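S.K.: Below you will find the structure I want to go over with you.
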Amino acid sequence: MSANAEIAKLFNQIADALEVLGENQFKVMAHRKAARMLEDLGDDVAELCKSDPNKLKSIDGLGASSVQKIQEFVATGKIKAHEEVLAKLPPGLIDVLRVPGLGPKTVKLLWEQGGVADLATLKSQLASGALEKLPRMGAKTLQNIAENLAFLETAGDRARLGDAMPIAELLITQLRAIQGVTQAEFAGSLRRGRETIGDVDLLVATEQPACVMEFFCGHPLVAKVLVSGDTKSSVRLNSGLQVDLRAVPAVHWGAALLYFTGSKDHNVILRERAIERGMRLNEYGLYADDGDATPPQQRGVTPIASKTEQDIYDKLGLEWIAPELRESHGEFEVNITKQLIVQGDIRRELHCHTTASDGLLSIEKLIETAQSRGFDAIAITDHSRSSAQANGLSLERLREHAANIRAAAAKFKGIHVLVGSEVDILADGRLDYPDDVLAELDWVVASPHTALKQTTEAATTRLLAAIANPFVHVIGHPTGRILNGRPGLEPNMKHVIAAAAQAGVALEINCNPARLDLRDALVRAAHQGGAMISINTDAHDGNHFDFLRYGILTARRGCLDAKHCVNAWPWKKFEAWRVSRGRSQVKK
Ligand SMILES: [Zn+2]
Ligand SMILES: [Zn+2]
């Protein structure tokens, strides 16, 4: 775990403990905010502490006491305040907060009056009936807790973007088809394109919510209805994913979409901006502040803006901000929405596999698929010899494969076919094929696949060596992380980015939803550091080309524009760069 992730975890634990202890809410929020800032920070905070302590202090969202705790952790490996606050609780009590539906207040009650100290005692106390005498603990509530505990024991982490998105889109399409529904969208972290999703938030505009709720709660994908209300319902799907649906009248649509898309930090700034201008903003609309304590929507007040997000941003004196940017990372100071890369900017796929290694498509089928997507080029990059588990190509097979690709390419018109390889970066930084072999290829993606638990020093040296090789065009999935699977390498990205920018080597955003590597914060760091980015699906099958959207969302979260993405360059510019590193021109 990197220092950033480790310190963020401690900050979140402090916030959890403070909540259970019933302490000041502002203190709780300050710790949660600091944790989020650390998770999103591209720079390694430990290094920042040493090299540039003033920059640490200037990071938005980090108060003086958070900075001091970070410095303490970097110096000593622990945070005293963390140890002190956790010492006030039984060691496993924080875990009880992970049971869906159990908030800090209930956990406090279970602990103080129900003898619950951790997940194990929660289970035994539920079984013995000891919790039945507690206030607010009816039979139904206790049954829910037992079910949610059982669910927690079998469920994994947060859902991946690529698992949540198709389900959300399916539901949205079906909701839009219901009579009386004028709008339906997913909101929340899914709309912001985060790599993992806690639960899916759906929103519909309708004047007849009853039939929408009935349809939703009775959906064949639903395993359990958690809450069934007139305008809001929550369900758990068979896959374990929790989905919340809210129905609002069309007049409140924009305000509701804005509110439920978040992030919380973005919305806080919007509300403050409203107040500064003599208005108030909530999920119903933007209203003139008339000083009345009763919420304006309850008094029938007509909002200044509420129907669209655009209207609300307008009235707050702002241009519309893309959801991917709504993380309170400076989007209010400089709004780069219009410069962000879009999927239509992508002109070529530069990393994919055929049946020669571990892909499922033939060379011809792959070229056809790329052509059907309107691409001007495709680079075929099967695995190199050390990737035995992926049927990597020996030198002999590589030469034969190259000849097969050139023969197949001759049958196609209007698309450039690059003979490439995804070459393993070995643990010590050497590449899996010698330079004279790489020199014969049109295109080289160099990727780490093994030894992914190296130290930061070893990982940095390894990637720098690959970047220094004159035949390499792209570093593929640079960290090798798997979401909900393994953390992957933790190189010093500052050095890697600087070296890549200097050498003219692109860093990849691998669009596979299990990877999304580089992740958003590192894309931002790479973009700021002047490195080029290559967005590739790493397709092993035809439908993997659809992964592109996840890479685009990640790129947009990383503030990437088309100018810095080699897949989006006009062919001539791309070709000039490609041959400057590799061999001579490819024939069309
Ligand atoms: Zn790979
Ligand atoms: Zn690959």
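The values are calculated or read from the model by the stated rules, or taken from the named source; none is laboratory data. None of these values were measured; they are calculated from a predicted model. As a convention, Cβ positions derive from the backbone with ideal geometry for all residues, glycine included, and neighbour counts pool all protein chains shown. Each accessible area value is taken on the protein alone, full model and side chains, heavy atoms only, with ligands, DNA and RNA left out. Shrake-Rupley method; radii C 1.70, N 1.55, O 1.52, S 1.80 Å.
S.K.: With unit charges on the beta carbons (Lys and Arg positive, Asp and Glu negative) and the dipole taken about the Cα centre of the stretch 3-154, which residue among Gln125, Ala8, Thr76 sits farthest to the positive side?
M.R.: Gln125
S.K.: Additional query: What accessible area per residue comes out for the stretch 343-581, rounded to a whole number of Å², with a 1.4 Å probe?
M.R.: Values: 8440 Å² over 239 residues.
Ligands and nucleic acids excluded, the result is 35 Å² per residue.
S.K.: Follow-up. State to the nearest 20 debye the size of the charge dipole of the stretch 3-154 about its Cα centre, where the only charges are +1 on K and R beta carbons and -1 on D and E beta carbons. Working shown, then result.
M.R.: Numbers: 19 positive and 20 negative charges, 95 e Å.
Here the size comes out at about 460 debye.
S.K.: Out of Tyr550, Val20, His527, whose Cα points farthest toward the positive end of the dipole of the chain (charges: +1 Lys, Arg; -1 Asp, Glu; placed on Cβ)?
M.R.: Comparing the listed Cα positions along the dipole, His527 ranks first.
S.K.: OK, next. Along the positive direction of the dipole of the chain (beta-carbon charges: Lys, Arg +1; Asp, Glu -1; about the Cα centre), which of Asn404, Leu62, Ala150 reaches farthest?
M.R.: The listed residue farthest towards the positive side: Asn404.
S.K.: Another one. Along the principal axes of its C-alpha atoms, what lengths does the stretch 39-143 span, in descending order and rounded to whole Å?
M.R.: If we take the Cα atoms of the stretch 39-143, the spans are 57, 23, 19 Å.
S.K.: So, by mean Cβ neighbours within 10 angstrom, what's the order for 219-231, 472-484, 100-112 with the highest one leading? If you can, show how the numbers build up before the last one.
M.R.: Values: 219-231: 13.4, 472-484: 24.2, 100-112: 17.2.
Listed from highest to lowest mean packing, they are 472-484, 100-112, 219-231.
S.K.: As a quick test, which of the pairs Lys55/Lys494; Lys105/Lys133; Lys88/Lys264; Lys57/Lys494; Lys88/Lys108 have an alpha carbon distance above 24 angstrom in this structure?
M.R.: Values: Lys55/Lys494 15 Å; Lys105/Lys133 17 Å; Lys88/Lys264 29 Å; Lys57/Lys494 19 Å; Lys88/Lys108 12 Å.
Cα-Cα > 24 Å for Lys88/Lys264; rest within.
S.K.: Right, here's the next one. Counting only protein heavy atoms and a 1.4 Å probe, tell me what percentage of the stretch 23-111's accessible area is made up of carbon and sulfur. If you can, show how the numbers build up before the last one.
M.R.: Numbers: 2530 of 4640 Å².
Heavy-atom surface of the stretch 23-111 belonging to carbon and sulfur, 1.4 Å probe: 55 percent.
S.K.: Then there is this: About its Cα centre, what dipole magnitude does the stretch 252-339 give when the only charges are +1 on Lys and Arg Cβ and -1 on Asp and Glu Cβ, stated in debye to the nearest 20? Walk me through the numbers on the way to the answer.
M.R.: Details: 10 positive and 15 negative charges, 41 e Å.
Here the size comes out at about 200 debye.
S.K.: Okay, moving on. In Å², and per residue, what accessible area does the stretch 252-339 have when probed at 1.4 Å with the other protein chains present?
M.R.: Numbers: 4250 Å² over 88 residues.
Accessible surface, normalised per residue, equals 48 Å².
S.K.: Also: Enter the accessible area per residue of the stretch 3-154 (Å², integer; probe 1.4 Å; all protein chains in place).
M.R.: Details: 7740 Å² over 152 residues.
About 51 Å² of surface per residue is accessible.
S.K.: Leaving out ligands, DNA and RNA, and with a 1.4 Å probe, what % of the accessible surface on the stretch 159-248 is carbon or sulfur? If you can, show how the numbers build up before the last one.
M.R.: On the way: 1790 of 3710 Å².
Ligands and nucleic acids excluded, carbon and sulfur reach 48 percent.
S.K.: To the nearest 10 Å², what's Asp44's accessible area with a 1.4 Å probe?
M.R.: Roll a 1.4 Å probe over it and Asp44 shows about 60 Å².
S.K.: Next question. Using amide H atoms built 1.01 Å from N in the peptide plane, name the residues 5+ places from Ala377, or on other chains, whose amide H lies under 5 Å from its own.
M.R.: For Ala377, the qualifying residues are Glu349, His416.
S.K.: Additional query: Determine the gain in length on full extension of the stretch Glu214-Ala250; use 0.36 nm per residue of separation and subtract their C-alpha separation, reporting nm with one decimal. Intermediate results must be reported in sequence, preceding the final value.
M.R.: Values: separation 36, 0.36 × 36 = 12.96 nm, distance 1.92 nm.
Length gained between Glu214 and Ala250: 11.0 nm.
S.K.: What list of ³J(HN,Hα) couplings, whole Hz, do you get for the stretch 340-352 from phi and the Karplus terms 6.51, -1.76, 1.60, once you set θ to phi - 60° and write x for glycine and proline?
M.R.: So the J values, rounded to whole Hz, are 4, 5, 10, 4, x, 6, 6, 10, 7, 10, 10, 7, 7.
S.K.: Also: Tell me, what HN-Hα J-couplings in whole Hz come from the Karplus equation 6.51 cos²θ - 1.76 cosθ + 1.60 at θ = phi - 60° for each residue of the stretch 375-387, using x for Gly and Pro?
M.R.: 7, 8, 7, 9, 9, 9, 10, 6, 6, 8, 4, 6, 7
S.K.: Calculate the dipole size of the chain relative to its Cα centre from +1 charges on Lys and Arg beta carbons and -1 charges on Asp and Glu beta carbons; express the result in debye to the nearest 20.
M.R.: Numbers: 69 positive and 73 negative charges, 62 e Å.
Computed about the Cα centre, the dipole is about 300 debye.
S.K.: Can you tell me what share of the DSSP beta bridges in the chain is antiparallel? A percent to the nearest 5 is fine.
M.R.: Values: 26 of 57 bridges.
Counting DSSP beta bridges with both partners in the chain, the antiparallel share is about 45 percent.
S.K.: On the protein heavy atoms, probe 1.4 angstrom, tell me the percent of accessible surface of the stretch 365-406 carried by carbon and sulfur. Please report the intermediate quantities before stating the final value.
M.R.: Details: 910 of 1920 Å².
Whole-percent figure for carbon plus sulfur exposure: 47.
S.K.: Another question, if that's okay. What residues have an amide H closer than 5 Å to that of His383, excluding those fewer than 5 places away on the same chain, when H is modeled at 1.01 Å from N in the peptide plane?
M.R.: Ser357, Asp358, Leu393, Glu422
S.K.: Follow-up. If you count the DSSP beta bridges with both ends in the stretch 314-459, what percent of them are antiparallel, to the nearest 5? Display every interim value, and only then the final one.
M.R.: Details: 1 of 16 bridges.
Restricted to the stretch 314-459, the bridges split so that about 5 percent are antiparallel.
S.K.: From the phi angles alone, apply the Karplus equation (6.51, -1.76, 1.60; θ = phi - 60°) to the stretch 299-309 and give each ³J(HN,Hα) in whole Hz, x where the residue is Gly or Pro.
M.R.: These are the phi-based 3J(HN,Hα) values: 9, x, 6, 7, x, 5, 7, 6, 6, 9, 4 Hz.
S.K.: Run the paramagnetic zone check for Glu575: 7 angstrom along Cα to Cβ, then residues of the stretch 446-475 with backbone nitrogen under 20 Å.
M.R.: 473-474
S.K.: Counting helices only, and only those DSSP H runs with n ≥ 4, report the 222 nm mean residue ellipticity of the chain as the sum of -39,500 (n - 2.57) divided by its residues, in deg cm²/dmol to the nearest 500. The partial results should precede the final answer.
M.R.: Values: 24 runs with 250 residues, N = 588.
Using -39500 (n - 2.57) per qualifying helix, the result is -12500 deg cm²/dmol.
S.K.: Simple spin-label model, 7 Å along Cα-to-Cβ: Lys105 to Gln528 in nm?
M.R.: Simple spin-label model gives 4.0 nm for this pair.
S.K.: Cα convex hull of the stretch 159-248: mean projected area in nm², to one decimal?
M.R.: It is 4.9 nm².
S.K.: May I pose another question? What residues qualify as long-range amide H neighbours of Ile425, i.e. H under 5 Å apart, gap of 5 or more or another chain, H built at 1.01 Å from N?
M.R.: The list, which skips near neighbours in sequence, is Ser447, His449.
S.K.: Give me the one-decimal nm value for the distance between modelled label points at Lys133 and Ser65, 7 Å along each residue's Cα-to-Cβ direction.
M.R.: About 3.9 nm, to one decimal.
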